[in-house]
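Trainee: Take a look at the following structure, please.
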Amino acid sequence: MLILTKSIMAMMISFIFAVITALIIIPLLKKMHAAQSLSIYLQRAHKSKEGTPTMGGLIFIIPTILITLIFIYLNKIKITYTLIIILFTFISYAIIGFIDDYLIIKRHNNKGLTKNQKFSLQVLVAIIFFYLFMKSGSEPLLWIHSLNFKQNIGWLYGVFILFVLVASSNAVNLTDGLDGLAGGLSVISFLTFGIISWNTGWLEGYEDIAIFAFTLIGALLGFLLFNTNKAKVFMGDTGSLCLGATLGAYAITTRHELLLVVIGLVFVLETLSCIIQIIVYKLTKKRVFPMTPIHHTFEKKGWKETDIVKLFWTVGLIANMLALAYGVWL
């Protein structure tokens, strides 16, 4: 029960910190004219969002890091390789996203880091991640729990780590297109990984990463106060890239990489809709969906933004309950 109490306390404290951070940061972002340019395909549907500041991911990133450091200083959580891996991923991808957002704002268009620049930075993060992962005493195993399959794949596990981090970070980034959508789904997903972390007693520092997950959940809930319809701030790549990559880091460290597909089901579906659209269009010059990611298809069909978000949250919640039933209970 102690870890549960600690997790709830961490969530409460980070929520308060995030709200205070938002009240300071949002006016500053407005003063800096830190608004992302709207896509030409969304200018009509999202006209009312024009001028809304981006980089709002700082609202949950800063409190999460500060509170974690305070907990470490007070000896409430311990520094372990597992926590270092999670923190490193969280901060590294936040920096990549921040640079991307900054360039977009500075140039007054949607051109931030190039694909090559982004990928190079992500490769660097994956290499350091792999080094820390191996230093922690973990083995580079491809582990499928349901089939009781374990295979040591050596350095190829580093490539696998890169794939998981890049895929999960970009999936959340693609989903971040409606007020509160990516933030709400991230709360649900980190709640699942927080509970899964409680159950990984074999993992060094499992309690510490569980508390970190709940700290992040509290900060995200504080952010959502200002991000749900009508949003006063967007998380930007600063927030979406770090959330997705951190979900990937939890999947890797807790050995639930394949379960991540269920936990992040909505993120996966959003990404698949884009992949299908691109492949089919290149082959046939026809579109499967009116617009991708798929949440924009619902918009094109006349759905209200709030109804789309509620539907996607519901699908995400059901998927995560199934993931918990398998990952913890069964």
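The values are calculated or read from the model by the stated rules, or taken from the named source; none is laboratory data. What you see is a predicted model, and the numbers here were worked out from it, not measured in a lab. Here the Cβ positions follow ideal geometry from the backbone for every residue, glycine too, while neighbour counts run over all protein chains shown.
Trainee: Pairs only if they're at least six apart or on different chains, beta carbon under 7 angstrom, first in segment 111-123 and surrounded by 12 or more Cβ atoms within 10 Å (Cβ to Cβ), second in a loop (DSSP other than H, G, I, E, B); list them, first residue then second.
Mentor: Between residues of segment 111-123 that are surrounded by 12 or more Cβ atoms within 10 Å (Cβ to Cβ) and residues that are in a loop (DSSP other than H, G, I, E, B), there is no close pair.
Trainee: Which of the residues spanning segment 85-102 are among the hydrophobic types (A, V, I, L, M, F, W, C) and either touching a helix residue (DSSP H, G or I) at 6+ places or on another chain (Cβ under 6 Å) or crowded, with 23+ Cβ neighbours inside 10 Å (or both)?
Mentor: Across segment 85-102, the qualifying residues are Ile85, Ile86, Phe90, Ala94, Ile96, Phe98.
Trainee: Hey, another quick one. Provide a single number: the residues in segment 307-322 that are in contact with a Gly (Cβ under 7 Å, 6 or more places away or on another chain) and closer than 16 Å to His296 by Cβ.
Mentor: Counting residues in segment 307-322 that are in contact with a Gly (Cβ under 7 Å, 6 or more places away or on another chain) and closer than 16 Å to His296 by Cβ gives 1.
Trainee: How many residues does segment 227-242 hold that are of a type outside the set (Val, Ile, Thr) and surrounded by 22 or more Cβ atoms within 10 Å (Cβ to Cβ)?
Mentor: Number of matching residues: 9.
Trainee: Is it the case that Lys310 is farther than 29 Å from Phe212 by Cβ and without any contact (Cβ under 8 Å) to a residue 12 or more places away in the chain?
Mentor: It is false that Lys310 is farther than 29 Å from Phe212 by Cβ and without any contact (Cβ under 8 Å) to a residue 12 or more places away in the chain.
Trainee: Sticking with this structure for a sec: Could you count how many residues in segment 52-78 are touching a residue at least 60 places away in the same chain (Cβ under 8 Å), of a type in the set (A, V, I, L, M) and either surrounded by fewer than 20 Cβ atoms within 10 Å (Cβ to Cβ) or over 24 Å from Leu23 (Cα atoms) (or both)? If you could, list the steps in order and put the result at the bottom.
Mentor: First, pick out the residues of segment 52-78 that are touching a residue at least 60 places away in the same chain (Cβ under 8 Å): 52-61, 63-64, 67-68, 71, 76-78.
Still in the running and of a type in the set (A, V, I, L, M): 55, 58-59, 61, 67, 77.
Those left that are additionally either surrounded by fewer than 20 Cβ atoms within 10 Å (Cβ to Cβ) or over 24 Å from Leu23 (Cα atoms) (or both): 77.
The number of residues fulfilling the criteria is 1.
Trainee: Can you find a residue that is among the β-branched types (Val, Ile, Thr) and under 30 Å from Lys31 (Cβ atoms) anywhere in segment 303-310?
Mentor: The answer is yes; a qualifying residue exists.
Trainee: Kindly list, by first and then second residue, each pair from a residue in segment 1-13 that is modelled with pLDDT under 85 to a residue that is of a type in the set (D, E, K, R), limited to pairs with Cβ atoms under 8 Å and residues at least 6 apart or on different chains.
Mentor: The qualifying pairs are Ile3/Glu207.
Trainee: I'd like to check which helices (runs of 4 or more DSSP H) are fully inside segment 213-330 and have at least 1 residues that are closer than 30 Å to Ile127 by Cβ.
Mentor: Numbers: elements: 236-253, 260-263, 265-284, 294-300, 305-324.
Answer list for segment 213-330: 236-253, 260-263, 265-284, 305-324.
Trainee: In segment 174-205, which residues are among the aromatic types (Phe, Trp, Tyr) and more than 17 Å from Phe90 (Cα to Cα)?
Mentor: Trp198, Trp202, listed by residue number.
Trainee: Any residue in segment 57-73 that is at pLDDT 90 or above, part of a loop (DSSP other than H, G, I, E, B) and under 22 Å from Ser240 (Cα atoms)?
Mentor: yes
Trainee: Let me ask something additional. Determine whether Leu178 is farther than 28 Å from Phe312 by Cβ and surrounded by 15 or more Cβ atoms within 10 Å (Cβ to Cβ). Lay out the reasoning, then the answer.
Mentor: On the way: farther than 28 Å from Phe312 by Cβ: no; surrounded by 15 or more Cβ atoms within 10 Å (Cβ to Cβ): yes.
No.
Trainee: Same structure again: For residues that are exposed (fewer than 13 other Cβ atoms within 10 Å of the Cβ) and of a type outside the set (A, V, I, L, M), scanning just segment 140-151, find the one that is modelled with the highest pLDDT. Before you say what the answer is, go through the steps one by one.
Mentor: To start, the set of residues in segment 140-151 that are exposed (fewer than 13 other Cβ atoms within 10 Å of the Cβ) comprises 146-151.
Next, only the ones that are of a type outside the set (A, V, I, L, M) stay: 146, 148-151.
Working: Ser146: 63, Asn148: 73, Phe149: 76, Lys150: 80, Gln151: 83.
Checked segment 140-151; the qualifying residue modelled with the highest pLDDT is Gln151.
Trainee: Further question: Just wondering, is there one or more residues in segment 295-302 that are of a type in the set (D, E, K, R) and surrounded by fewer than 18 Cβ atoms within 10 Å (Cβ to Cβ)?
Mentor: Narrowing segment 295-302 to residues of a type in the set (D, E, K, R): 299-301.
Filter once more, so that each one left must be surrounded by fewer than 18 Cβ atoms within 10 Å (Cβ to Cβ): 300-301.
Scanning segment 295-302 turns up at least one residue that is of a type in the set (D, E, K, R) and surrounded by fewer than 18 Cβ atoms within 10 Å (Cβ to Cβ).
Trainee: Within segment 237-274, can you find the residues that are without any contact (Cβ under 8 Å) to a residue 12 or more places away in the chain and more than 24 Å from Gly158 (Cβ to Cβ)?
Mentor: Within segment 237-274, Leu272 is the sole residue that qualifies.
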